[in-house]
Amino acid sequence: MKASLALAAVAARANAVVSAACGTGAVPAASFTSQPAATQSSSGASAGSAPTAAPVRPSPTVVAPAATVAPRPTVVPTPTTASSALADLIAKAKALGDYSYDYKMNASGMKMEGKAFVKGTKIRQEMPVMGMKTVTLVDSAAKVAYTLMPDQKMALKMDLSKLQGNNSSPTDQVSGMPANTKEVGSDAVDGKPTTIYEYTKDGSTGKFWIWTEKRVPLKAEITAAGTKVDMQFTNYEFGVLDASLFDVPKDYTVTDAPALGGSGLVPTPATKP
């Protein structure tokens with residue numbers, strides 16, 4: 001039981017850190033001027049001869065009015081904002097359905113690894129500790145988690161609302177990225193194409209390598225409260241999972257987990273501002 005409590009404390013501490021306008025133009029005015037008609041003149045005409053025809057005055061110059069072109073309407077492109085791209089990413093991640101994966105976590109030197117199963121708001125995490133298999137069941141909708149101890153057939157119940165951070169699935173981590181998240185590049189992780197996203201929030205920073213096809217992270221770096229957590233997610237499998245994986249066995253005795261002071265298992269609840 002001590003090993004399970006120690007694991008729960010370690011896991012809780014690590015998860016707490018976790019758009020041109022077009023111009024107008026004018027056509028220059030065209031000047032059209034009629035040429036003066038030819039004039040007849042006589043030099044030294046004698047009396048009695050036919051009178052000289054009166055000179056023909058030239059027609060006045062006619063200038064056509066300037067032709068103008070109506071200005072083109074301003075074209076405003078439809079914006080494709082980072083927020084709309086993020087919303088699309090989150091929506092596709094949430095539509096994944098059930099899946100499982102392996103994970104590795106390094107929280108400032110504390111290393112953990114295991115296997116996890118996700119079904120909606122429920123998560124099952126399996127992690128070896130001191131040679132023993134430890135199972136944690138998380139229900140984020142019900143705000144509760146259980147640490148199972150198979151040898152004793154016991155389950156320690158924890159209130160997630162009292163924890164500074166709780167265990168979250170890869171899709172939860174994508175959904176939790178704030179509106180200021182930016183796409184900063186691309187890379188391949190384990191041979192799979194990924195898009196890299198970065199964000200800052202409440203003094204913490206996050207960087208995620210999101211698998212382009214499935215919209216789940218393959219790698220993540222999170223720094224919060226002076227602690228850096230590196231995570232790797234591998235061996236994803238997608239398909240319907242049995243609901244019983246996420247339930248406490250009926251023959252287990254459920255006990256409320258004790259508050260362990262500063263261990264991080266059940267920290268003092270944060271006061272409301």
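Numbers for the structure displayed
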{"item": "Between region 115-165 and region 201-235, the alpha-carbon center distance in angstrom", "result": "21"}
{"item": "Stokes-Einstein D for region 109-223, Kirkwood Rh over Cα pairs, 20 °C, 1.002 mPa s (µm²/s)", "result": "134"}
{"item": "Mean projected area (nm²) of the alpha-carbon convex hull when region 110-150 is viewed from all directions", "result": "3.4"}
{"item": "Percent RCO, i.e. relative contact order, over region 130-195, from Cα pairs under 8 Å lying at least 6 residues apart", "result": "17"}
{"item": "Exposure of residue 117 as accessible area (Å², to 10), given a probe of 1.4 Å and all protein chains", "result": "30"}
{"item": "Net dipole in debye of region 117-237 [+1 Lys, Arg Cβ; -1 Asp, Glu Cβ; about Cα centre; nearest 20]", "result": "340"}
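The values are calculated or read from the model by the stated rules, or taken from the named source; none is laboratory data. Nothing here was measured: the structure is a model prediction, and the numbers come from that model. Positions of Cβ are backbone-derived with ideal geometry, glycine not excepted, and every protein chain shown enters the neighbour counts. Note: areas computed on protein heavy atoms with side chains; ligands, DNA, RNA excluded. Shrake-Rupley method; radii C 1.70, N 1.55, O 1.52, S 1.80 Å.
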